[in-house]
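Structure first, then comments.
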Amino acid sequence: MSINPNMVEIASLLGETSRATILASLLDGRFHTAGELAMAVITPQTASFHLSKLVEGNLVKVEKHGRHRYYQLANGEIARILESLLAISPPPEVRSLKQSSQVKMLQEARTCYDHLAGKLGVQLTESMLKAGYLEKEEREFTVTPKGDHFFSEFGIDLLDLRRKRRSFSHSCLDWSERHHHLGGTLGNGLLTHLFDLGWIVRVPSIRAVKVTPKGKEGFKEVFCIEV
């Protein structure tokens, strides 16, 4: 009898195509109904069956509001594990122009649970490292005194973010860029602020985000990034 945790149980949950697709869709960090997660590939009833398995396996949590159930990844650690698996997974087989366009958008900029990922997320992180706002350690980033001043001037309350009971500024491996981007509450605070500024907007139906004309100017002026 093994004394180790049962990896086979989790592997069996991830080893089914529909469940893996649902988990990837939940990487946008938002709540979704079973119908939304069915994505015209499976029926909402089938999606509900798979979601119940994921809830039982503690990979997904569910909230009931009236007659509706809303599903979300259980926590940020689950998201980090899924992103790491995506980083070592083979790329999808592109079979249509629409799929090709969606894959490209995801690679350019997307949400990774609750922070920014993709090419833009990595560029933004590298820009802050180069400017001396962040320093890279083994598994996390550290905000420098220069960074304290920058984030304050940029409108991000670091003291409030540090109060939250979770990782503050860990490094997250980006599956498409194969480099680390900024995660944790700081990554979430930065993503939320970029939405509030109107620099980025969500792309409907997938977890990609799109840079607005205002964002192109802002990223160039503040972070020296050409988008």
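Structure above, values below:
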read-out: GNM top mover of Lys214, Lys61, Lys119 - the chain, alpha-carbon springs below 10 Å; value: Lys214
read-out: Dimensions (Å) - region 82-143, Cα atoms, principal axes, largest first; value: 43, 21, 18
read-out: Qualifying GluC sites (Glu not before Pro) in region 37-146, DSSP loop, other Cβ atoms within 10 Å at most 11; value: Glu93, Glu137, Glu138
read-out: The chain, accessible surface, carbon-and-sulfur percent (1.4 angstrom probe); value: 54
read-out: Order of exposure, largest accessible area first, which applies to Arg69, Arg165, Arg207 with probe 1.4 Å; value: Arg165, Arg69, Arg207
read-out: Two-decimal Rg/Rh across region 1-126, once Rg and the Kirkwood Rh are taken from alpha-carbon atoms; value: 0.99
read-out: Karplus-derived 3J(HN,Hα), 6.51/-1.76/1.60, for each residue of region 212-227, Hz, glycine and proline x; value: 7, x, 4, x, 4, 5, x, 4, 5, 6, 8, 10, 6, 10, 8, 10
read-out: Fluctuation leader among Gly198, Gly29, Gly15 - the chain, Gaussian network, Cα springs under 10 angstrom; value: Gly15
read-out: Accessible area (Å², 1.4 Å probe, nearest 10) - Ile78; value: 30
read-out: Per-residue ³J(HN,Hα) for region 201-207, Karplus 6.51 cos²θ - 1.76 cosθ + 1.60, θ = phi - 60°, Hz, x for Gly and Pro; value: 9, 6, 9, x, 6, 10, 8
read-out: Convex hull volume per residue for region 73-227, taking Cα atoms only, in Å³; value: 116
read-out: Taking only Cα atoms of region 173-227, radius of gyration then Dmax in Å; value: 11.9, 30
read-out: Choice from His50, His181, His65 with maximal GNM fluctuation in the chain (Cα, 10 Å cutoff); value: His65
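The values are calculated or read from the model by the stated rules, or taken from the named source; none is laboratory data. Predicted, not measured: the structure shown is a model, and the values here were computed from it. Glycine gets a Cβ as well: all are built from the backbone with ideal geometry, and neighbour counts include every protein chain shown. Remember, those area values only see protein heavy atoms, side chains included, never the ligands or the DNA or RNA. Shrake-Rupley method; radii C 1.70, N 1.55, O 1.52, S 1.80 Å.
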